[in-house]
Amino acid sequence: ETGVTQSPTHLIKTRGQQVTLRCSSQSGHNTVSWYQQALGQGPQFIFQYYREEENGRGNFPPRFSGLQFPNYSSELNVNALELDDSALYLCASSHPGQGPFEQYFGPGTRLTVT
Amino acid sequence: AQTVTQSQPEMSVQEAETVTLSCTYDTSESDYYLFWYKQPPSRQMILVIRQEAYKQQNATENRFSVNFQKAAKSFSLKISDSQLGDAAMYFCAYRSARGAQKLVFGQGTRLTINP
């Protein structure tokens, strides 16, 4: 157990809909990253939030957006869902002050777009 | 942009034997970190071992050790005395020492342990 939780566990949506995924960081961690893991692939970096500000983004379109709240929990929002958005979405929390190494991953949300 | 390549989609090993998983990466940076993560069927990504690029000494964590060849941009993972619980997907990952804590992952190697 890493102390990072995600909800929901599974989700089925229809193409064109919008979805919100949630992540609760490990206590005291002020940095959260989101990754998309397509079936049989390695995770791909979507973006990162530090103290409620986006401070890094991967090669994902603007319809992927996020929020980080004062308690450092986080949301990933995806608008206008496409079939290719079907994937496992992972969040990872970290605290730069505790060293540059550890990112603690949650168990992920499996999103299926039909 | 940095890339990470794992050329072995699948590997298998007998219980108690030793197995080595390969990873190569491409970067123009000199300061970075390398990681091996394990993802069991439960999906939760777990850090196995890490290596700082400025350190020449190879990292070890109990039965897990790495062979870090900076000039060759190679970072292999050796698992000794393989156990059934080691069965999982293993991902090699790169992180720059600058900027956001973005991990660049390889495609993964599925490790099977034969009893």
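In table form, for the structure just shown:
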read-out	value
A:Gln41 being of a type in the set (S, T, N, Q) and over 14 Å from the mean Cα position of the chain (by Cα)	yes
Total residues in the range B:1-41, condition surrounded by fewer than 13 Cβ atoms within 10 Å (Cβ to Cβ), part of a strand (DSSP E or B) and within 14 Å of chain A (Cβ to nearest Cβ)	2
Which listed residue is in contact with a helix residue (DSSP H, G or I) (Cβ under 9 Å, 6 or more places away or on another chain) and either modelled with pLDDT of 95 or more or not in a loop (DSSP other than H, G, I, E, B) (or both), from B:Ile49, B:Ile113	B:Ile113
Odd one out for A:Phe64, checked against (1) within 14 Å of chain B (Cβ to nearest Cβ); (2) under 11 Å from the mean Cα position of the chain (by Cα)	(1)
Test: A:Phe105 is touching a residue at least 40 places away in the same chain (Cβ under 8 Å) and either among the small types (Gly, Ala, Ser) or out of contact with any helix residue (DSSP H, G or I) (no Cβ under 7 Å at 6 or more places or on another chain) (or both)	yes
Which numbered condition B:Gln56 fails, given (1) without any contact (Cβ under 8 Å) to a residue 40 or more places away in the chain; (2) within 23 Å of A:Ala92 (Cα to Cα)	(2)
Selection within the range B:96-110 - facing chain A (nearest Cβ under 8 Å) and either in a loop (DSSP other than H, G, I, E, B) or not β-branched (Val, Ile, Thr) (or both)	B:Ala97, B:Gly99, B:Ala100, B:Gln101, B:Lys102, B:Leu103, B:Phe105, B:Gly106, B:Gln107, B:Gly108
Given (1) more than 13 Å from chain B (Cβ to nearest Cβ); (2) open to solvent by less than 10 Å² (accessible area, probe 1.4 Å), number of the condition A:Tyr89 does not satisfy	(1)
Matching residues in the range B:42-69 - criterion: being open to solvent by 80 Å² or more (accessible area, probe 1.4 Å) and more than 11 Å from every other protein chain (Cβ to nearest Cβ)	B:Tyr54, B:Lys55, B:Gln56, B:Gln57, B:Thr60, B:Glu61, B:Asn62, B:Gln69
Residues (at positive phi and in contact with a strand residue (DSSP E or B) (Cβ under 7 Å, 6 or more places away or on another chain)) located in the range A:1-46	A:Gly3
Residue count for the range B:70-96, restricted to those that are under 12 Å from B:Phe35 (Cβ atoms) and either in contact (Cβ under 8 Å) with a residue 60 or more places away in the chain or open to solvent by 20 Å² or more (accessible area, probe 1.4 Å) (or both)	6
Counted residues, the range A:6-60 - those being under 22 Å from A:Pro70 (Cβ atoms), modelled with pLDDT of 95 or more, open to solvent by less than 30 Å² (accessible area, probe 1.4 Å) and touching a Pro at 6+ places or on another chain (Cβ under 9 Å)	2
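The values are calculated or read from the model by the stated rules, or taken from the named source; none is laboratory data. Here the structure is a predicted model, which means the values were calculated and not measured. Positions of Cβ are generated from backbone atoms using ideal geometry, with glycine treated the same way; all protein chains shown enter the neighbour counts. Note: areas computed on protein heavy atoms with side chains; ligands, DNA, RNA excluded. Shrake-Rupley method; radii C 1.70, N 1.55, O 1.52, S 1.80 Å.
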